[in-house]
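A.B. asks: The structure's right below; bear with me while I get my questions together.
The values are calculated or read from the model by the stated rules, or taken from the named source; none is laboratory data. Quick caveat, the model's predicted, so the values are computed rather than measured. Here the Cβ positions follow ideal geometry from the backbone for every residue, glycine too, while neighbour counts run over all protein chains shown. These accessible areas exclude ligands, DNA and RNA; they are computed on the full protein's heavy atoms, side chains included. Shrake-Rupley method; radii C 1.70, N 1.55, O 1.52, S 1.80 Å.
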Amino acid sequence: MEHVYDHQEIERKWQARWAEQHTFRALDPGDEGFDPSQPKVYVLDMFPYPSGEGLHVGHPIGYIGSDIFSRYMRMRGANVLHPMGFDSFGLPAEQYAVETGVHPRITTERNIANYVRQLKAIGLSYDWDREIATTDPDYYRWTQWIFLRLFGSWFDREADAARPIDELMAALEAGERDADGVSWSALDEKARRRFIDGQRLAYLDEVMVNWCPALGTVLANEEVTRDGRSDRGDHPVYRRPLRQWMLRITAYADRLIDDLALVDWPESVKAMQRNWIGRSDGARIDFPIAGSSTRIDVFTTRPDTVFGATYMVLAPEHHLVAELTAEQWPEDTREAWTGGAADPASAVERYLVEAARKSERERQAEVKQKTGVFTGSFCVNPVNDEPIPIFVADYVLMGYGTGAIMAVPGQDQRDWEFAEQFDLAIIRTVQPPSDFEGDAYLGEGPAINSDFLDGLDVEQAKASIIEWLEAEGFGGAIVSYKLRDWLFSRQRYWGEPIPILHGPDGEMRPVDDLPLLLPEVDDFRPASSDDENAEPVPSLSKAPDEWRFVEVDGVRFERELNTMPQWAGSCWYYLRFIDPRNDVRLVGEGVERYWMDPRGVDLYVGGVEHAVLHLLYARFWHKVLYDLGHVSSAEPFGRLFNQGLIMAHAYRDGRGVYVPADKVEERDGAFWYDGQQVEQSYGRMGKSKKNGVNPDEFFAKHGVDALRLYEMFMGPLGDSKPWTTRDVVGVVRFLHRLWRNLVDPDSGGLLVSDVSPDPDLAVLLHRTIKAVTADMVGLRFNTAVARLFELNNALVGLDAVPREVAEAFILLLAPIAPHICEELWERMGGEGGLAHVPWPEYDEDLAVEEMVVMIVQVDGKVRDRLEVPVDISEEDARAAALDSEKVAGHLEGEPSRVIVRPPNLVNIVSR
RNA sequence: GCGGGCGUAGCCGAACCGGCAUAGGCGCCGGACUUAGGAUCCGGUGGGUCUCAGACCCGCUGUGGGUUCGAAUCCCACCGCCCGCACCA
C-alpha cells in the first residue's frame, strides 16, 4: 500500500510549479502569446483588508468560487484576468501603532505577507505579478490623482455629466454662463474663486458630523452605535458642524439608479442601492408668512393633501427657526404648545439645546414619544389663506427634503400622533373606506374638504394641485433624495493625504507632484480629549513644519491635513489591476478598453456587506472617470455575485462563557463539554466564539483540495450555511476513492486503459460533462461536485478505467480540486500542466440513453414504470401504457382522457 | 412599517420549462477487513402491510385554498424564519 494519495506532497509540488512558471499570468493585447481571437473574462474578488488575525476557513469561500470560474474559463480558452491585492489603509493598523509604537507600514507589510502565504496555500489561481496594495505610494499616487480630477471638475446639469472646471470658467468668462444669476464680470477675484470652489465635485463645506473627542476624529454614521456611542471603544459621540471635504455624489443620483438596469446584479443589492439613494417624487410648496417676504418651503410627496395641513414643523436646525420665533405667545396659544416657558424664545431655546444634545440615533429611538414646541408664529396656507401655527420638532430631519414639512395629520401617522399630543386640528382630505378603523389614512380614495380637488383620486389631485402651485407661484414638482454628499475627510494618520494646498485668503491649489507621501510622525495617537467642545485636530498636524508649509510663488501655503477614508482606495482598484505598474497613467488606454469595454468586470464576487457603500462609491468614481474620458464602460462591475457566509455553532457554559466548539459532544439531544451541559447557538464563525476552524490544521489533515471541495459542496455558493466538521469526511473519501480508481496502490501504475467505455458509462460521462459545464457557468458548484461524486462512484471496481473517461473526469474536476488533478494528469502523460488544456466537450447523442423509463400515471399517481425506447411515438406510448396490467387494476371502465408526453410520461385520467 | 429573500428527510442540500419528490453528502443500520477500530471498503436507509432475496399499499415539499390531466414549482391568503432600510414627510 505504498502508493496512496499524499495530498501534502502533491500540493507543495504544484503550488511551487505554478509560482515558478507564472502559470496564471494574464496576457494583455500585444504580449507574446496573446490570442486576440479569444474572449476576455475579468474575474475579480473583493480584495481584503489584511487583518492581523489572518484567514479562517470561512473567509475564502468566495475566492474559491471565483477561482473555479477563472480556471474553468482558462480551460475554455478565454483570456482571463484574475488578480488579487490588498485594501491596506485602515484603522486597525493605526490602532495597533498607537498601542505598540510599531509603524502601520510595518504591520501592514507583515499582514500582507501572511495573507499572500495563506491565499497561495489555497491554490488560488491569481496572477500574482499584478498584486497591489492601496498603501503603496505607487498606488495611492493615482488615488490622489483621481481626487484632483474630482477637485478639477464640476457637474454640468444640462449635459448630465462631469466636465473639467476649466470649461466652466471659460464659459463664465465668455459670458455664456453666469454665476447663479450674477454676471461673472460683476464678481471680484475672491467671489469668483468662492463660486468656482463651490461648483467642484470635491468641495469644502460645513456639515454636521459625528465627532468623537475621545478618539479624536469624526466618524462615519456606520461607525456610530444606535445609542450614540463609538462602535470602537464605546465613547460618546457628538453632533457638531465642521468644515470638511465633501464629494458631490448626489449629482449622480439619477444615473446611479438608472444604470442599475445595465448590470447583472442580485435584485436585493439593486434594491438596497435604490433604497439608499431614496429618490422620491413630490412637490415643493411655499407657505408665505403674513406681513413678511419670508416663505417656508416644504417638500411633500402628498401635495394633494395640502388642504389638510393644520400645522407646520421646522427641523431644529432649520435656518428660519430664529427668525420665526415670536416675541410673545399669541392669545390662543394652548398650554401643550409652549413647553411651559414664559415666551417663545425661551421655549424654543430650551428645546434646541435638548435636541442638539441628542444623537441622531437617540432621536430615532424616541419614535413613540413626539416632542416639539410652538414658535408663536403662523404662516398662511396658500390654497385657502388659513393661518397655520409653526412648530419646531425633531421628528423632522434637516437632512431630508427642505427640513420643513406641512403636517397633515389626516394622512400621515406621525403627524396624527403629534397632533393628538399637542391638541391640533385634524382634517381628512381623502375619504377612507367605510370600514376604515385606523388613525391617519394613507390609501386611495376621493379627495374631500379640498375645494377644487374634491372628488379627484390621489393621482389626479396631485397633478391638479401641482399645476395650480406652478401657475400661482407657490412651488411645483420636485424630486428629493435620501442620498447625501459623501463626507470625505478623516482626521486619521493611516490614509491617503489629500493633495491640496491652502493659501491665504482661502485660495486652494492642487498638488500636482504626486504621490504626496505620508509624512513621518512620532506619534500616531489622534488628538484625544474628553471635552466635547474640543476642536478636532488631524493627526497630520503632528507632521514636521517642513512638510506642513510650502512656499509657492513667494506665498506660504499650508497643506491639507485631513486624509481620505478607507473607501477611497477600493473605489478604483479594479482599474489598476489592468495595468498595475504604469507610472504615467492610472491605466493604459488600450488595455483598459480591452478588459473593461463594454461591461466592465465580468464577474465580481464578494460579501453582501458591501451592497451599498463600497459599490455605490466605486460606481460614482467610475462614472466621473467615464465622463472625463478615462474609462470606457458606463459601469465598473457588469455581473455581481454575493457569496454566503459560512456559519458555525458556538457553545456557552452555565456562566455564559464560550467553550471550544470542537470539544463539545452531543448526547441525548443535549450538548456537553467537559462533563457539563452547554448551550448551543448559531452565527458567524469567529475567534471570540471559539468556533473558528484553523485552515492550517485543516490543510495538514485533509489537504486544500478537500477544503475547496467541501466548501463548494456545502450548498449553493450564495447561501449562508453551517460548517459541519463531521461532513468533511465525505469529500476526503471522494478524493481517496478517485486516487484508488486511477492508481494501483501496489505498483503506483495507472489503472487506465485505452478501451472504450461501455454504453452506460459513456452515457453517464457525457451527461456529467454536460451538467458540470452548465453548473460552471451558473456558479452552481454544489451540484457540479455531486455529479462528479456519481461519476467517481461508477468507476469503483473497474479493472481499468477507459482513458477517455479518466481524462474527462480529471479535466472536469480540475477547477475545483486542481492539485490532485494536476498530479493525475501528469501521471497520465499530460505535459505542461492542465491550466490551459481544453475543457471536455460532450456529445449530445451520447448523453442520451437508448432506453428510458416511462412512468404511467392514473389520475396523477404513478402506477407503473415501463422501459421504452427514447424515440417512442406517441401512439406506441399510449398503447404501452393502456396495456399495463398495473394500470388496469386502477381503472374502472374507459378512461376519459389520456395525456401522452413521450418518452417520459403517460397520464390516464379515469374520471 | 417599507424593501429583498427563504421554508423539501434526523442534518446539509438536489429537482432550469409544471411531469418518477428527496440526486449527492453526512448521520444511522447491516456486512467485509481486522487483535481492535471512532480508520478503510461494500450494501441498505420515507412509512406501513404481507405469503419479507420479493410484492403490494399509503403518505409526503410550513398551513389553507385556487388554477391544471398533473403543482415543491404558477396564483391567492395565512404562519414562521433570515437580511437590509426605517420619524425619509
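A.B. asks: Kindly indicate the residue of segment A:882-897 that is of a type in the set (A, V, I, L, M, F, W, C) and surrounded by 14 or more Cβ atoms within 10 Å (Cβ to Cβ) and also farthest from A:GLY860 (Cα to Cα) among those meeting that condition.
C.D. replies: Kept after step one, since they are of a type in the set (A, V, I, L, M, F, W, C), are these residues of segment A:882-897: A:882, A:887-888, A:891.
Filter once more, so that each one left must be surrounded by 14 or more Cβ atoms within 10 Å (Cβ to Cβ): A:882, A:887, A:891.
Numbers: A:LEU882: 15, A:VAL887: 12, A:LEU891: 13 Å.
Taking the candidates together, the pick is A:LEU882.
A.B. asks: While we're looking at this one, here's another question. Testing A:TYR710 on (1) open to solvent by 70 Å² or more (accessible area, probe 1.4 Å); (2) of a type in the set (Ser, Thr, Tyr); (3) within 16 Å of A:ILE820 (Cβ to Cβ), one condition comes back false. Which one is that?
C.D. replies: (1)
A.B. asks: May I pose another question? A:GLU823 versus (1) more than 16 Å from RNA strand B (Cβ to nearest atom); (2) of a type outside the set (Phe, Trp, Tyr); (3) within 36 Å of the chain's Cα centre (by Cα): which is the lone unmet condition?
C.D. replies: Here A:GLU823 clears every test but (3).
A.B. asks: Also, I was wondering about something else. If I ask for residues that are in contact (Cβ under 8 Å) with a residue 24 or more places away in the chain, more than 11 Å from A:PHE307 (Cα to Cα) and acidic (Asp, Glu), which ones from segment A:438-471 would you list?
C.D. replies: Passing the criteria: only A:ASP439.
A.B. asks: Another question about this same structure. If A:GLN144 passes every condition in (1) within 25 Å of A:VAL624 (Cβ to Cβ); (2) in contact (Cβ under 8 Å) with a residue 40 or more places away in the chain; (3) open to solvent by 30 Å² or more (accessible area, probe 1.4 Å) but one, which one does it miss?
C.D. replies: With respect to (1) within 25 Å of A:VAL624 (Cβ to Cβ); (2) in contact (Cβ under 8 Å) with a residue 40 or more places away in the chain; (3) open to solvent by 30 Å² or more (accessible area, probe 1.4 Å), A:GLN144 is out only on (3).
A.B. asks: Checking A:VAL353 against (1) closer than 24 Å to A:GLU417 by Cα; (2) surrounded by 13 or more Cβ atoms within 10 Å (Cβ to Cβ), which single condition isn't satisfied?
C.D. replies: It fails just one condition, (2).
A.B. asks: Turning to a different aspect of this structure: I'd like the full set of residues that are surrounded by fewer than 21 Cβ atoms within 10 Å (Cβ to Cβ) and within 20 Å of A:ARG141 (Cβ to Cβ), limited to segment A:482-507.
C.D. replies: A:LEU501
A.B. asks: Now, a different point. Can you tell me which residue in segment A:262-298 is farthest from RNA strand B (Cβ to nearest atom), limited to those that are in a strand (DSSP E or B) and open to solvent by 20 Å² or more (accessible area, probe 1.4 Å)? Quick ask: steps written out before the conclusion?
C.D. replies: Kept after step one, since they are in a strand (DSSP E or B), are these residues of segment A:262-298: A:264, A:280-288, A:295-298.
When the remaining residues are screened for being open to solvent by 20 Å² or more (accessible area, probe 1.4 Å), the result is A:264, A:280-281, A:284, A:288, A:295, A:297.
Numbers: A:ASP264: 14, A:SER280: 5, A:ASP281: 9, A:ARG284: 11, A:PRO288: 19, A:ARG295: 16, A:ASP297: 11 Å.
Among those that are in a strand (DSSP E or B) and open to solvent by 20 Å² or more (accessible area, probe 1.4 Å), it is A:PRO288.
A.B. asks: When segment A:792-810 is examined, which residues are found to be open to solvent by less than 40 Å² (accessible area, probe 1.4 Å) and within 13 Å of A:PRO840 (Cβ to Cβ)?
C.D. replies: Scanning segment A:792-810 gives A:VAL805, A:ALA806, A:ALA808, A:PHE809, A:ILE810.
A.B. asks: Follow-up question, since we're still on this one. Quick check on A:VAL209: is it among the hydrophobic types (A, V, I, L, M, F, W, C), in a helix (DSSP H, G or I) and surrounded by 13 or more Cβ atoms within 10 Å (Cβ to Cβ)?
C.D. replies: Working: among the hydrophobic types (A, V, I, L, M, F, W, C): yes; in a helix (DSSP H, G or I): no; surrounded by 13 or more Cβ atoms within 10 Å (Cβ to Cβ): yes.
The answer is no for A:VAL209.
A.B. asks: Among (1) surrounded by fewer than 18 Cβ atoms within 10 Å (Cβ to Cβ); (2) closer than 24 Å to A:ALA283 by Cβ; (3) at pLDDT 90 or above, which single condition is A:CYS379 missing?
C.D. replies: In the conditions (1) surrounded by fewer than 18 Cβ atoms within 10 Å (Cβ to Cβ); (2) closer than 24 Å to A:ALA283 by Cβ; (3) at pLDDT 90 or above, A:CYS379 misses (1) alone.
A.B. asks: Please state which of the following conditions A:GLY233 fails to meet, knowing it meets all the rest: (1) touching a Leu at 6+ places or on another chain (Cβ under 8 Å); (2) on the phi > 0 side of the Ramachandran plot; (3) in contact (Cβ under 8 Å) with a residue 40 or more places away in the chain.
C.D. replies: Condition not satisfied by A:GLY233: (3).
Residue-by-condition table, conditions (1) more than 7 Å from RNA strand B (Cβ to nearest atom); (2) part of a helix (DSSP H, G or I); (3) touching a strand residue (DSSP E or B) at 6+ places or on another chain (Cβ under 6 Å):
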| site | (1), (2), (3) |
| --- | --- |
| A:LEU738 | yes, yes, no |
| A:PRO757 | yes, no, yes |
| A:LEU764 | yes, yes, no |
| A:ILE769 | yes, yes, no |
| A:ALA774 | no, yes, no |
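A.B. asks: Is there any pair linking a residue in segment A:10-33 that is among the hydroxyl-bearing types (Ser, Thr, Tyr) to one that is surrounded by 14 or more Cβ atoms within 10 Å (Cβ to Cβ), with Cβ under 7 Å and at least six apart or on different chains, and which?
C.D. replies: Note: pairs meeting the criteria are A:THR23/A:GLY833; A:THR23/A:ALA835.
A.B. asks: So, one more: Consider A:GLU697 against the criteria (1) modelled with pLDDT of 85 or more; (2) within 16 Å of RNA strand B (Cβ to nearest atom); (3) open to solvent by 20 Å² or more (accessible area, probe 1.4 Å); (4) not hydrophobic (A, V, I, L, M, F, W, C): it satisfies all of them except one. Which criterion is unmet?
C.D. replies: (2)
A.B. asks: Output the number of the condition that A:GLU589 fails; it satisfies all remaining conditions of (1) in contact (Cβ under 8 Å) with a residue 12 or more places away in the chain; (2) closer than 30 Å to A:ASP156 by Cα.
C.D. replies: Among (1) in contact (Cβ under 8 Å) with a residue 12 or more places away in the chain; (2) closer than 30 Å to A:ASP156 by Cα, the lone unmet condition for A:GLU589 is (1).
A.B. asks: Then there's this: Just to be sure I understand, how many residues within segment A:396-437 are within 11 Å of RNA strand B (Cβ to nearest atom), assigned to a loop (DSSP other than H, G, I, E, B) and open to solvent by less than 60 Å² (accessible area, probe 1.4 Å)?
C.D. replies: Qualifying residue count, segment A:396-437: 7.
A.B. asks: State whether the residues of segment A:570-581 include one that is open to solvent by less than 10 Å² (accessible area, probe 1.4 Å) and either farther than 19 Å from A:GLY85 by Cα or assigned to a strand (DSSP E or B) (or both).
C.D. replies: Within segment A:570-581 (the criterion being open to solvent by less than 10 Å² (accessible area, probe 1.4 Å) and either farther than 19 Å from A:GLY85 by Cα or assigned to a strand (DSSP E or B) (or both)), the answer is no, since none of the residues qualifies.
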